[in-house]
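Colleague: There's a structure below that I have some questions on.
The values are calculated or read from the model by the stated rules, or taken from the named source; none is laboratory data. Since the structure is predicted, the reported quantities are computational estimates derived from the model, not experimental observations. So basically every Cβ, Gly included, is an ideal-geometry build from the backbone, and we count neighbours across all protein chains shown.
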Amino acid sequence: MGHRKYSAPRRGSLAFLPRGRASRLLPRVKHWPRRLDGAALPMGFVGYKAGTTSVHYIDNTPNSPTMGAEVNKVATVLAVPPLRVVGATLYEKVDGRLRDMLKIWSSNLPEDVKRRVKRLRPNEEEARKRLEQLKNRVAEVRLIVATDTKAVGAGKKPHILEIKVDGEPGKSLEYALSKLGQELRISEVFKEGDYVDVIAVTKGKGFEGVVKRHGVAKLQHKSRKTVRGVGAIGGRSPAYVTYYVPRSGQLGYHRRTEFNRRVLIISQNGDELTPRSGWHRFGVIKTDAVVLEGTVQGPPKRPVVLRTPAKPPTQVEKPEITTVEVKTR
């Protein structure tokens, strides 16, 4: 643009306020949309970021200028070890809101999950007896899953979260009871060519000034007080600093959602997608792996929630992969 004396477009969206640190590393899913196929299946999965690479494939997007040609796109590789279904939560609707009605825990819980969960009451036998009386009041069913952090070197404590099961309450309840105490793999939830929403916490950068945080232009070097700051934070009226004035503060480590990331590859052998020297700050993928088109927020080993898309685009078939730029081991 050249000289910014008369025009300086705003940097930094006001849609994300306040720009505070995320409350926890594993993000909470605030909205569960419906699956496109309407099947009684989980609507999400949890993976761990490994790194980025490039993928060559034949573009099959309708009305695309490069349709039928080979394109090169940046892609992100995630390690997706199987989730352990340790329980299920049943919800009922009271005054239009969901209320926790009953939790059913598996009878064979791993020791690391028992240390994380304080209350494991009632047990599976007692819960199944109470379920017969509450079955007609079930409005929503969610699986309680635990991740395998040791398989990806992301710590000793598993991450525990709830994943909604889509479909009618009766069918979703039957599915949840059948998966209790078993493993859940990524291939059971998504397939190649699907679109997913990626929910994760971005890379934290600490306390930063307005130049880096909001892209404010620096003042001239002869400025009286400061150079890397705003010229004025407001006038005499109103007698406070308005919310849209750029200010210093936390940059990064925010919960963010990336919409419509296309699933290019689902591999049961993550070693095939591991470089010869291993992924930087991650190592070797020893579990299932998935390749998403585009970039994913966060550093390596950060937990990432893959969710059914809330704004699904036109569904297309999976692309024909020609090359993945990874020097295999």
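Colleague: Determine if the range 91-108 includes at least one residue that is of a type outside the set (Lys, Arg) and part of a helix (DSSP H, G or I).
Modeller: No, the conditions are met nowhere in the range 91-108.
Colleague: Grab the strands (runs of 3 or more DSSP E) fully contained in the range 241-329, keeping just those with 1 or more residues being free of Cβ contacts under 8 Å to residues at least 60 places away in the same chain and surrounded by 13 or more Cβ atoms within 10 Å (Cβ to Cβ).
Modeller: 255-267
Colleague: Moving on. If Ala50 meets every condition in (1) in contact with a strand residue (DSSP E or B) (Cβ under 8 Å, 6 or more places away or on another chain); (2) small (Gly, Ala, Ser); (3) not assigned by TED's automatic domain parsing to the domain that holds Thr287 apart from one, which number is that one?
Modeller: Result: Ala50 passes all but (3).
Colleague: Output the residue which, of all residues in the range 180-225 that are part of a helix (DSSP H, G or I) and modelled with pLDDT under 95, is surrounded by the fewest Cβ atoms within 10 Å (Cβ to Cβ).
Modeller: Lys212
Colleague: Taking the residues in the range 109-152 that are farther than 30 Å from Asp271 by Cβ and polar (S, T, N, Q) as candidates, determine which candidate is modelled with the highest pLDDT.
Modeller: Filtering the range 109-152 for residues that are farther than 30 Å from Asp271 by Cβ and polar (S, T, N, Q), the one modelled with the highest pLDDT comes out as Asn136.
Colleague: Select from the range 137-157 the residues that are surrounded by fewer than 22 Cβ atoms within 10 Å (Cβ to Cβ) and in a loop (DSSP other than H, G, I, E, B) and list them in ascending order.
Modeller: Hits for the range 137-157 are Val138, Ala139, Asp148, Gly153, Gly155, Lys156, Lys157.
Colleague: Moving to a separate point now. Consider Lys73 against the criteria (1) within 21 Å of the chain's Cα centre (by Cα); (2) at pLDDT below 90; (3) within 24 Å of Glu293 (Cα to Cα): it satisfies all of them except one. Which criterion is unmet?
Modeller: (2)
Colleague: Considering each residue of the range 97-109, count those that are surrounded by fewer than 15 Cβ atoms within 10 Å (Cβ to Cβ) and free of Cβ contacts under 8 Å to residues at least 40 places away in the same chain, and give that number.
Modeller: 3
Colleague: Looking at the range 169-228 only, could you name the residues that are farther than 27 Å from Arg302 by Cβ and touching a residue at least 40 places away in the same chain (Cβ under 8 Å)?
Modeller: Matches in the range 169-228: Lys171, Ser172, Leu173, Glu174, Tyr175, Ala176, Leu177, Leu180, Gly181, Val216, Ala217.
Colleague: For the range 39-46, indicate whether the set of residues that are closer than 17 Å to Pro319 by Cα and in contact with a Lys or Arg (Cβ under 8 Å, 6 or more places away or on another chain) is non-empty.
Modeller: Within the range 39-46, none of the residues are closer than 17 Å to Pro319 by Cα and in contact with a Lys or Arg (Cβ under 8 Å, 6 or more places away or on another chain).
Colleague: Separate question: Under 8 Å by Cβ, and 6 or more places apart or on different chains, what pairs join a residue from the range 36-47 that is at positive phi with one that is outside any strand (DSSP E or B)?
Modeller: From the range 36-47, the pairs are Gly38/Asp166; Gly38/Gly167.
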